[in-house]
1. Within the stretch 190-206, is even one residue within 18 Å of the chain's Cα centre (by Cα), surrounded by fewer than 18 Cβ atoms within 10 Å (Cβ to Cβ) and either closer than 22 Å to ALA562 by Cα or not aromatic (Phe, Trp, Tyr) (or both)?
2. Among (1) open to solvent by 70 Å² or more (accessible area, probe 1.4 Å); (2) at pLDDT 95 or above, which single condition is GLN428 missing?
3. With the checklist (1) among the small types (Gly, Ala, Ser); (2) in a loop (DSSP other than H, G, I, E, B); (3) open to solvent by less than 40 Å² (accessible area, probe 1.4 Å) in hand, flag the one item GLY272 doesn't pass.
4. Tell me which residues, restricted to the stretch 152-182, are among the acidic types (Asp, Glu) and closer than 25 Å to ARG568 by Cα.
5. Suppose we keep only residues that are in contact with a Lys or Arg (Cβ under 9 Å, 6 or more places away or on another chain) and open to solvent by less than 10 Å² (accessible area, probe 1.4 Å) within the stretch 27-39. Which one would you say is nearest to LEU122 (Cα to Cα)?
6. Would you pick out the residues in the stretch 84-129 that are within 15 Å of VAL53 (Cα to Cα), among the hydrophobic types (A, V, I, L, M, F, W, C) and open to solvent by 10 Å² or more (accessible area, probe 1.4 Å)?
7. Here is a list of conditions, (1) among the basic types (Lys, Arg); (2) exposed (fewer than 15 other Cβ atoms within 10 Å of the Cβ); (3) in a loop (DSSP other than H, G, I, E, B), and ARG152 meets all of them except one; can you say which number that is?
8. Output the residue which, of all residues in the stretch 162-190 that are of a type in the set (S, T, N, Q) and at pLDDT 95 or above, is farthest from ALA559 (Cα to Cα).
Amino acid sequence: MSRDRFGLAGALRPPRPNAYRDAWCGTLTAERVGESVRVAGWVHRRRDHGGLVFIDLRDRSGIVQLVFHPDRAPDAHRVAHDLRAEDVLSARGEVLRRDPENVNPSIPTGEIEIAVAEVEQLADAQTPPFPIDEEVPVDELLRLRHRPLDLRRDSMQRALTLRHDVARTIRTHLYERDFLEIETPMLTRSTPEGARDYLVPARLAPGSFYALPQSPQLFKELLMIAGYERYFQIVRCFRDEDPRADRQPEFTQLDLEMAFVGEEDVLELIEGLMSEVFREAGFAVSDPPWLRVPYDEAVLRYGTDRPDLRFELEIRDVSDIVRGSEFKVFESVLARDDGVVRAINVGPLELSRAEQEQLNELVRPQGAKAVAPIYVGDGGWRSNLAKFFSPDQIAAVNSALGARDGDLLLFVADRRSVAARALGELRQRMAERLGLIAEGRHEVCWIVDFPMFEWNEGEGRWDPLHHPFTAPAMADGGPLSFEDPGALRSRAYDMVVDGWELGGGSIRINTPEVQREVLKLVGISEEEADQRFGFLLDALRYGAPPLGAIAFGLDRIVAILAGRDSIRDVIAFPKTSTGADPLTGAPAPVDAAQLRELGLRLLDTPPKR
């Protein structure tokens, strides 16, 4: 993928000549010297040198310099005097070689310029609310309100070109491996898949609603049952959840499914696909196969099932070492069934008391109460907590954490899940502070061997860790049993890159009996299952092959390849963090007539969310 200033200049085919252009600005080189060309685009910059006027003209392919001579083309020169940034024009002239001292090596067209013979101004532009010709910080709300202007900027041109490149690479790779690109419905029925559905009232069925798809979850399974065997699509999905940097109400997903496969078949295919995407984008990762990390190991060592492997700072469980100490905080936690004491060694880092208190502020949103910081020194600990532990315990903890004099140890005592989240957050923040993440280094891994269910305390039920269509794994190859849901493992897998979950999937349930058992465990009765999933359960009765699926967030892939912190920077028309669209004003009220036609009436006071 060429990375010219404004995208794929080198890959563009010559434009079909018309009244406005017969050449792209960014593709003109010294090979065209002496030719007459016509170009069209936007005024990127204008420079008036007294007699000569220079204009950098920009189109999608890049920039070319136009020069207006008052003596050679006086009419064109007069027009050039009145042009402003972002005016639209078409110009014809001869391609000339620049003098050596005027060559601009930073752009592909830097060796040449066009001596304009005639010019036509096609549109006048007002002064933009922010600069287009330079990358300066601009308030995001202002950028989104004037998104067409923002999309003219170099950073956005690059991002959306990269997005196109990624989609093209994906399609080509899958076409060559016999996948069919098949569309699935945008209007479907509401199903419980985790997030809220966006509902669409059905005018012809008052009181009934379509739902916009959270993903093509069930339809792709039906396609496998239908015998298509290899399906994919790059599809829009919708989830009514609170947006974050890596979430949007609507997002784009690479969705695929395969029949007659197991886990390794899916992982091998995706490793080939994603390694090609990474290579084409110049994103340096190791060659596959990539590391497989069991879920429990990931949570224990890194505090998350989305570990950033670009640095170490691994978490260690020291519960058994410190058990029996005189430190009541640790002992009270360890007295609980799921209580643990875990720690990381962040190395030689001195923190003030205020900074130590800030560590507590970092872990409280994760549910933890506090962090216990302890410095290593003189073969023991430099801390008022040292008196509560025996010399053997201190030596054993230091050994487990690989601690040396001057190192800072951070301890969290809490429930397993809370301690993991808290230390996972500390691990990431400490790595950033210590500069442990080398620029240009990237690490990929698969998280595998997930639990099938997690217990929902608030609802008093088991929830699927992925979704209720994921196949459970049989323990040691024995018969499948649902007597202890907490002990079941699933046949799921997630790909993680630099701490971002880029995609995930699973081997699917392919028998109606197992599907009903799983739905029953997550609180869906047989009657409700027939009502909501009868079409799937019925299809499974007629012979479903072993099948495996995976879905990738295209927005996330492009964001990480482009080095952006937010997926909003790689989406043409995104929403804000509150789900609003400053460009169009959506969401917006509709008039009473539309509501009446749909059989809807607004409450006087909208319910609080």
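The values are calculated or read from the model by the stated rules, or taken from the named source; none is laboratory data. Owing to the predicted nature of the structure, the values given are computational and were not obtained by experimental measurement. For neighbour counting, all protein chains shown are included, and Cβ atoms are generated from backbone atoms with ideal geometry for every residue, glycine included. Accessible surface areas use protein heavy atoms only, side chains included; no ligands, DNA or RNA. Shrake-Rupley method; radii C 1.70, N 1.55, O 1.52, S 1.80 Å.
1. So the first thing to find is which residues in the stretch 190-206 are within 18 Å of the chain's Cα centre (by Cα), and the list is 195.
Filter once more, so that each one left must be surrounded by fewer than 18 Cβ atoms within 10 Å (Cβ to Cβ): 195.
If we keep only those that are either closer than 22 Å to ALA562 by Cα or not aromatic (Phe, Trp, Tyr) (or both) too, we end up with 195.
Yes - at least one qualifying residue is present in the stretch 190-206.
2. All conditions are met except number (1).
3. (2) is the only condition that GLY272 fails.
4. Taking the stretch 152-182 as the starting set, the residues that turn out to be among the acidic types (Asp, Glu) are 154, 165, 176, 178, 181.
ASP154, ASP165 - these are the residues of the stretch 152-182 that are among the acidic types (Asp, Glu) and closer than 25 Å to ARG568 by Cα.
5. VAL39
6. ALA85, ALA115, ALA117, VAL119
7. (2)
8. As a first pass, look at the stretch 162-190 and keep what is of a type in the set (S, T, N, Q): 169, 172, 184, 188, 190.
After this cut, where a residue has to be at pLDDT 95 or above as well, the list is 169, 172, 184.
Details: THR169: 16, THR172: 21, THR184: 26 Å.
The qualifying residue farthest from ALA559 (Cα to Cα) is THR184.
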